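What follows is a single structure, written as structure tokens, with notes after it.
The values are calculated or read from the model by the stated rules, or taken from the named source; none is laboratory data. Quick caveat, the model's predicted, so the values are computed rather than measured. We place every Cβ from the backbone using ideal geometry, glycine too, and count neighbours over all the protein chains shown. With ligands, DNA and RNA removed, areas are computed over all heavy atoms of the protein, side chains included. Shrake-Rupley method; radii C 1.70, N 1.55, O 1.52, S 1.80 Å.
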Amino acid sequence: MANLNINAKKKNTYDAIVIGSGISGGWAAKELCENGLKTLVLERGREVKHIEDYPTATKHPWEFEHRGQVPLAVREAYGRSFLREETLHWAIKADEQPFVQEKPFTWTRGYHVGGKSLLWARQTQRWSDFDFEGPARDGYAIDWPIRYADIAPWYSHVEKFAGISGNKDGLPHLPDGEFLPPIELNCVEQHLQGVLAKNYTDRQLIQGRCAHITSPQPIHLQQGRGKCQHRNLCNRGCPFGGYFSANASTLPWAAKTGKMTLRPDSVVHSIIYDEKKGKASGVRIVDAHSKEMIEYYAKVIFVNAGAVNSNMILLNSISERFPTGLGNDNGLLGKYFTCHNYRGKANAQVEGFLDKTTSGKNPSNGYIPRFRNVLKQDTDFYGVLHRDWSWPWHEHQPGWHRGRPEAAIDPSPTRQLECERLDARRVCAH
Ligand SMILES: Cc1cc2nc3c(=O)[nH]c(=O)nc-3n(C[C@H](O)[C@H](O)[C@H](O)COP(=O)(O)OP(=O)(O)OC[C@H]3O[C@@H](n4cnc5c(N)ncnc54)[C@H](O)[C@@H]3O)c2cc1C
């Protein structure tokens, strides 16, 4: 019996375990596997294979019953998720996996292989020393243990592999990176850029740096990824691998090493803590189908389950040493974090551009880097307000709004959507 247990344990032992297969989990898997570690990636959701599992990727607007819009009742059933008809298969029904909330909270979960890397808006700006030095300079919270110089080479490492397009703008508070050619600003953005340049010295509109391949390099071709086709259908999953997702990039790269075992439908319950060694030694999962509880072991465990779930897993990881959750000596686990903050928006038809459309051309957007609280404190709050000037592709797919294919040749005029993001980066794990 003892031998049986030892064998079972050996079978379930890896060099490293990664919890979650989203943006960060995919990267962890790639790096660990490339460095020769036998790695188990545990993902609570279903498998999503690049290209094969993008069911709506090539559908036309009129192939969707509501031209992409989600009826209110369906939206409610999915917990007011931002998702649309063509991306509803990435959403979780609110009553399938309910959560308690005191205030309205739209939680986009991305419970599938690839996580939110399939759903994100692909904006990829670097932090600068203005960010890293913020708490020490302004006297709040805890000083960052690193500065920009420590992380800059790692930004480069990631950018080269992922493929980030953008301009070298030379702004000290938004460092330049390893950019592929930029995506062009649309006509309204160009206009606004000019107006800002004429009237201000401290604010600019630049092209947002975004994870789209505009000029494939050998490293992207090796991943089987090609140039962004500007279809602006990104959230459905891109068959060209034009934007960065774990599914198109890091996970297949890790798999190619032969070192990765990916186990979808594996809900991590908690981390096992070895009281004798004083170390984490493995994880407990619940198999989503059989409901069996299984243990896996490794010396290295990466928790990449997203902000809420990573906290939840640590809170669930109770031991004699950590009775309120692993690493929770200060009682802060599960508090003071935030998810991606977005959705303040306004849009307008812009005088002088009513005869133009940019529909279908621009998967990125202009970006106004922070201009307050940079060199001096301008406001009564610490931190940053960024503005993304986004082109809302879904509102501009010709045809959807009229419900007939003929409307595809009758696009609406240029409208510009303004999307504000209050950047709570100090506490934000996105
Ligand atoms: C609409 C939208 C737009 C966004 N736009 C941008 C942007 O432009 N730029 C930007 O930088 N960020 C953006 N983000 C945020 C970005 O998507 C997240 O910051 C990023 O995906 C977080 O990576 P992650 O690996 O921590 O989590 P995720 O990518 O969410 O991956 C977490 C994975 O863990 C799995 N998991 C969860 N719990 C468990 C468990 N118990 N056991 C096993 N697996 C588990 C999940 O199923 C998921 O696959 C956006 C997000 C949304 C929703």
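Could you please give the count of residues in region 202-221 that are among the β-branched types (Val, Ile, Thr) and either within 16 Å of the ligand (Cβ to nearest atom) or open to solvent by less than 10 Å² (accessible area, probe 1.4 Å) (or both)? First the steps, then the outcome.
Kept after step one, since they are among the β-branched types (Val, Ile, Thr), are these residues of region 202-221: 206, 213-214, 219.
With either within 16 Å of the ligand (Cβ to nearest atom) or open to solvent by less than 10 Å² (accessible area, probe 1.4 Å) (or both) added as a condition, the list becomes 206, 213.
So the answer is 2.
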Selection status of His191, open to solvent by 40 Å² or more (accessible area, probe 1.4 Å) and within 16 Å of the ligand (Cβ to nearest atom): no
Any hit, region 164-179, residues being of a type outside the set (A, V, I, L, M), touching a residue at least 60 places away in the same chain (Cβ under 8 Å) and under 30 Å from Val41 (Cβ atoms): yes
Output for region 31-48, where each listed residue is touching a Pro at 6+ places or on another chain (Cβ under 9 Å), open to solvent by 20 Å² or more (accessible area, probe 1.4 Å) and either outside any strand (DSSP E or B) or over 18 Å from Ala91 (Cα atoms) (or both): Arg44, Glu47
Filtered residue count, region 1-30, keeping only those that are open to solvent by 50 Å² or more (accessible area, probe 1.4 Å) and within 16 Å of the ligand (Cβ to nearest atom): 2
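So if I check each of Ala91, Ala77, Ala73, Ala162, which one is in contact with a Phe, Trp or Tyr (Cβ under 6 Å, 6 or more places away or on another chain) and over 30 Å from Gln204 (Cα atoms)?
Values: Ala77 fails: in contact with a Phe, Trp or Tyr (Cβ under 6 Å, 6 or more places away or on another chain); Ala73 fails: in contact with a Phe, Trp or Tyr (Cβ under 6 Å, 6 or more places away or on another chain); Ala162 fails: over 30 Å from Gln204 (Cα atoms).
It is Ala91.
Can you tell me which residue among Leu196, Leu185, Leu251, Leu180 is more than 27 Å from Lys30 (Cα to Cα) and touching a Gly at 6+ places or on another chain (Cβ under 7 Å)? Spell out the reasoning first.
Working: Leu196 fails: touching a Gly at 6+ places or on another chain (Cβ under 7 Å); Leu251 fails: more than 27 Å from Lys30 (Cα to Cα); Leu180 fails: more than 27 Å from Lys30 (Cα to Cα).
Result: Leu185 is the single residue among Leu196, Leu185, Leu251, Leu180 that is more than 27 Å from Lys30 (Cα to Cα) and touching a Gly at 6+ places or on another chain (Cβ under 7 Å).
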Counted residues, region 277-310 - those being polar (S, T, N, Q) and surrounded by fewer than 14 Cβ atoms within 10 Å (Cβ to Cβ): 1
Test: residue in region 138-150 that is under 30 Å from Lys376 (Cβ atoms), more than 11 Å from the ligand (Cβ to nearest atom) and among the β-branched types (Val, Ile, Thr): yes
Residue match in region 101-112 (condition: surrounded by 13 or more Cβ atoms within 10 Å (Cβ to Cβ), in contact with an Asp or Glu (Cβ under 9 Å, 6 or more places away or on another chain) and not aliphatic (A, V, I, L, M)): yes
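For Ile313, state whether it is surrounded by 20 or more Cβ atoms within 10 Å (Cβ to Cβ), out of contact with any Leu (no Cβ under 7 Å at 6 or more places or on another chain), assigned to a strand (DSSP E or B) and of a type in the set (Val, Ile, Thr). Step through it out loud before you land on a result.
Values: surrounded by 20 or more Cβ atoms within 10 Å (Cβ to Cβ): yes; out of contact with any Leu (no Cβ under 7 Å at 6 or more places or on another chain): yes; assigned to a strand (DSSP E or B): no; of a type in the set (Val, Ile, Thr): yes.
Criteria not met by Ile313.
If you check Asp274, Asp265, Asp329, which single one turns out to be of a type in the set (Asp, Glu), under 30 Å from Ser81 (Cα atoms) and open to solvent by 30 Å² or more (accessible area, probe 1.4 Å)? Let's see the steps before the verdict.
Values: Asp274 fails: under 30 Å from Ser81 (Cα atoms); Asp329 fails: under 30 Å from Ser81 (Cα atoms).
Checking each option against the conditions leaves just Asp265.
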Cβ pairs under 9 Å, 6+ apart, first in region 319-339 and more than 16 Å from Asn309 (Cα to Cα) and part of a loop (DSSP other than H, G, I, E, B), second polar (S, T, N, Q) and open to solvent by less than 40 Å² (accessible area, probe 1.4 Å): Phe322/Asn328
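Could you say whether any residue in region 55-69 is away from the ligand (no atom under 14 Å from the Cβ), closer than 23 Å to Tyr243 by Cβ, open to solvent by 30 Å² or more (accessible area, probe 1.4 Å) and within 21 Å of the chain's Cα centre (by Cα)? Reasoning before the result, please.
First, pick out the residues of region 55-69 that are away from the ligand (no atom under 14 Å from the Cβ): 55-69.
From what's left, closer than 23 Å to Tyr243 by Cβ: 55-61, 63-64, 68.
Still in the running and open to solvent by 30 Å² or more (accessible area, probe 1.4 Å): 55, 58-60, 63.
Now restrict to residues that are within 21 Å of the chain's Cα centre (by Cα): 55.
Within region 55-69, one or more residues are away from the ligand (no atom under 14 Å from the Cβ), closer than 23 Å to Tyr243 by Cβ, open to solvent by 30 Å² or more (accessible area, probe 1.4 Å) and within 21 Å of the chain's Cα centre (by Cα).
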Residues being within 10 Å of the ligand (Cβ to nearest atom), without any contact (Cβ under 8 Å) to a residue 24 or more places away in the chain and part of a helix (DSSP H, G or I) - total across region 70-127: 0
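If you check Glu133 against the conditions, is it away from the ligand (no atom under 11 Å from the Cβ) and crowded, with 19+ Cβ neighbours inside 10 Å? Spell out how you get there, then give the answer.
Working: away from the ligand (no atom under 11 Å from the Cβ): yes; crowded, with 19+ Cβ neighbours inside 10 Å: no.
It is false that Glu133 is away from the ligand (no atom under 11 Å from the Cβ) and crowded, with 19+ Cβ neighbours inside 10 Å.
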